[in-house]
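Every read-out reported here was derived from the displayed coordinates using simple, explicitly stated rules and does not represent laboratory data. This structure is a prediction, so every number in the text was calculated from the model and none was measured. With ideal geometry, Cβ positions are generated from the backbone for all residues, glycine too; neighbour counts draw on all protein chains shown.
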Amino acid sequence: MFQIQEKKSYRLIRHDKSKTVKNGRNNYTFLTKKLFNIMPMRPELITDGEVNKTFQRLGQRIRVHHLKSDLQLRLGFEGCTGIRNFNIRKLQDQIPALQKCQEKLALNFSGCENLEESLMKSLSVNYLKKLAGIKEYKFYFNGGSMTDIEVKRLTHYIGRSSKALQIAAFSFYRCFNITDLGIKNLLKRLSMQRSSLKKLELDFSRCEGLTPASLTYIASRLKSDFKKLEELELAFTICNVVKKETLLYLGTSIAQMKSIKKLKLNFSYCEEINKDDLKELCAILEANVKQYKELVLNFTGCKYMSSRDKAELRPQFASIPKFILL
């Protein structure tokens, strides 16, 4: 069974003609934001039929509220190994308001190792294609049979339908079938949002099908297509993608992005990296130390790197409000 949580927040909008509240000479209105968080109570017992019923319940609740303002939707299917190919069309059919007012969407399929390929196709064509004006899109998938084709489908219509995407997050932890082509397709679609995208999170940890060329490609696209990006998070843990040359090229590319204020790099347990490589990376990033409000570097488990070595690097970033070196 799924639990449906509801949260409501308000934002004061000025100079709106409908339902205004007078405050001196100015008119104001309250814009309601509604968050629906769908969480599995006992993931191991969830089936496709239970998902379909939950979509119907969610639709009834939204219709009761006569929702016409911004909608935030989080669908969590973590650990639901019993779901394979539920009917995503029921979600769109039950909630026609989604197409007009959905502001944020988070899909979490972590641990769902039995999903069929047709589900991802249906998700893209019958749901993502119809979203317009979405500002935040997050997708999490852990393990299973995710392929380059499915990655392309999940981002194909996001690049076309939404012209206001501000936050994008994609996690494909332990997806062995994803290759460099999957990353190229993903970055190509996200580059269509270069004018609006402010925050980007990418996690390809333990994706054994990737090569160092994938990280080089990400670095090259970052400096050329995402010049307005303010927050960047990259994770490539326990993989052979991160080598000295690719790490330093990534650092050089990021250093050319003058808009970055928050940067998180997680390359823990990448055995090709040593303390000298980390020192060179820090020397590159130090040139922009004044622009960073937050800098987190995780190199836990890398070769020949002691806590003392890391302690020697911390003083050069002391001016950053939040600096963490692991």
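Quick notes on this one:
- Converting phi to 3J(HN,Hα) with the Karplus coefficients 6.51, -1.76 and 1.60 and the offset θ = phi - 60°, region 308-320 yields 5, 4, 5, 4, 5, 8, 5, x, 6, 10, 5, 7, 6 Hz in sequence order, with x at every glycine or proline.
- If R0 is 45 Å, the Cβ-Cβ spacing of Glu117 and Val296 corresponds to a FRET efficiency of close to 0.80.
- Lys303-Asn37 pseudo-label distance in nm [points 7 Å out on the Cα-to-Cβ vector]: 4.3
- Above-threshold pairs, the threshold being 27 Å between Cα atoms, out of Lys104/Lys310; Lys121/Lys244; Lys198/Lys290: Lys104/Lys310; Lys121/Lys244
- Of the GluC sites (Glu not before Pro) in region 266-322, those whose Cβ has at most 15 other Cβ within 10 Å and which sit in DSSP loop: Glu271
- Efficiency of FRET from Cβ geometry, Lys53 and Lys264, R₀ 35 Å, rounded to 0.05: 0.35
- Set of aspartates and glutamates near Lys303 by C-alpha distance (under 19 Å), chain-local residues within fewer than 8 positions excluded: Glu245, Glu271, Glu272, Asp276, Asp277, Glu280, Glu312
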